[in-house]
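Notes for the one structure printed next.
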Amino acid sequence: MSSSGTPKRYGVVGHPIAQSRSPFIHQTFGRQAAIDLTYEKILAPLDGFAQTVHEFFGQGGAGLNITVPFKEQAFELARAHLSERARLAGAVNTLWMRDGRLHGCNTDGVGLLTDLERLGHGPKGKSVLLVGAGGAAKGVVLPLMDAGCARLRVVNRTAARAHGLRAHAVEQLPALADRLGAGGLDEAGGQWDIVINATSGSLHDTPPELPPGLYAQGALAYDMVYAAAPTAFLRQARDQGAAHAADGLGMLVGQAAAAFRIWHGLMPDVQPVLEALRRELHYT
Ligand code: ATR
């Protein structure tokens, strides 16, 4: 509760936005912590993102989450006050105002990492294959390397994009060069402990065309997309012998929890929220 007794105002900006689960997640976290807040979905026009953000904060808003397709624009808006995570990702999903200045962070990577830990597949010392080289992949390369994976290879349908992603990461942190590889889908290799799908293929029920033999014993297949039923990538992974499979619902809740911590200084309990969302997914 703010000093005036009015709940602080938060929201998520995207286009489209109707599908967002963020209001439910943040309102539930708020109840857990007895913090009175409002959290709304805000549809920004495709050519009106900056104005939407300025109006929100101009009217006393406290914090915003940013989703597709505005994360790069949010990065530009907060350019003067970025966290290291945001700077390395080149994208921002969390904004807040402090001392009259707009600050930005990216919690997508930490959301993935906390979910992998929750699943008992923390990446430290592991061999990790990241499939895809778009916006979703870009935000998690450096957090995965930072978490101490033994090697990471980025493969993509368009190989040049994977090489570009690698080059960008190595430019920022040259020490990564030996542990970070890149290539086309046919260069995916094998014996991976964790294979992460960051392509948008699952949104269209299409798995990436990956060669067989990817999965090491006891390996985890992880799809950043979530759905009521196993995604095309997770079905393919089961057929190819992955011992464990998980979708990205936990990453969604994890990135929200990290944003909540930035705004409110408290780490919420993700498990009950994750369970409620999973139940809801099955019934809608
Ligand atoms: P996002 O921000 O969700 O990552 P994006 O930047 O458009 O969206 O990237 C989509 C990613 O999914 C890309 O890696 C894309 O591969 P290309 O770079 O070759 O286009 C990948 N992708 C989409 N559909 C795919 C499919 N059917 N098979 C394999 N990769 C696919």
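The figures follow:
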quantity	calculated
Lone unmet requirement of (1) within 16 Å of the ligand (Cβ to nearest atom); (2) over 27 Å from Ser20 (Cα atoms); (3) part of a loop (DSSP other than H, G, I, E, B) for Asp186	(3)
Filtered residues of the range 165-178 (kept if within 22 Å of the chain's Cα centre (by Cα), modelled with pLDDT of 95 or more and surrounded by fewer than 14 Cβ atoms within 10 Å (Cβ to Cβ))	Ala167
Within the range 202-232, tally of residues that are within 16 Å of the ligand (Cβ to nearest atom), crowded, with 16+ Cβ neighbours inside 10 Å and in contact (Cβ under 8 Å) with a residue 40 or more places away in the chain	7
Of all residues making up the range 140-164, the number that are open to solvent by 10 Å² or more (accessible area, probe 1.4 Å), more than 9 Å from the ligand (Cβ to nearest atom), of a type outside the set (A, V, I, L, M) and not in a helix (DSSP H, G or I)	3
From Glu55, Glu40, residue being out of contact with any strand residue (DSSP E or B) (no Cβ under 8 Å at 6 or more places or on another chain) and farther than 18 Å from Ile262 by Cβ	Glu55
Of the criteria (1) free of Cβ contacts under 8 Å to residues at least 24 places away in the same chain; (2) farther than 22 Å from Met251 by Cα; (3) within 16 Å of the ligand (Cβ to nearest atom), which one Glu171 fails	(3)
The range 110-123 residues that are within 14 Å of Val141 (Cβ to Cβ), paired with ones that are in a helix (DSSP H, G or I) and open to solvent by less than 10 Å² (accessible area, probe 1.4 Å) (beta carbon under 8 Å, 6 or more apart)	Val110/Gly254; Leu112/Leu144; Leu112/Gly254; Leu113/Leu144; Leu113/Gly254; Pro123/Leu116; Pro123/Leu144
Within the range 97-116, tally of residues that are of a type in the set (Asp, Glu) and farther than 15 Å from Gly248 by Cβ	1
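The values are calculated or read from the model by the stated rules, or taken from the named source; none is laboratory data. Just so it is clear, the model here is predicted, and its values are computed rather than measured. Glycine also receives a Cβ, built like all others from the backbone with ideal geometry; neighbour counts cover every protein chain displayed. Each accessible area value is taken on the protein alone, full model and side chains, heavy atoms only, with ligands, DNA and RNA left out. Shrake-Rupley method; radii C 1.70, N 1.55, O 1.52, S 1.80 Å.
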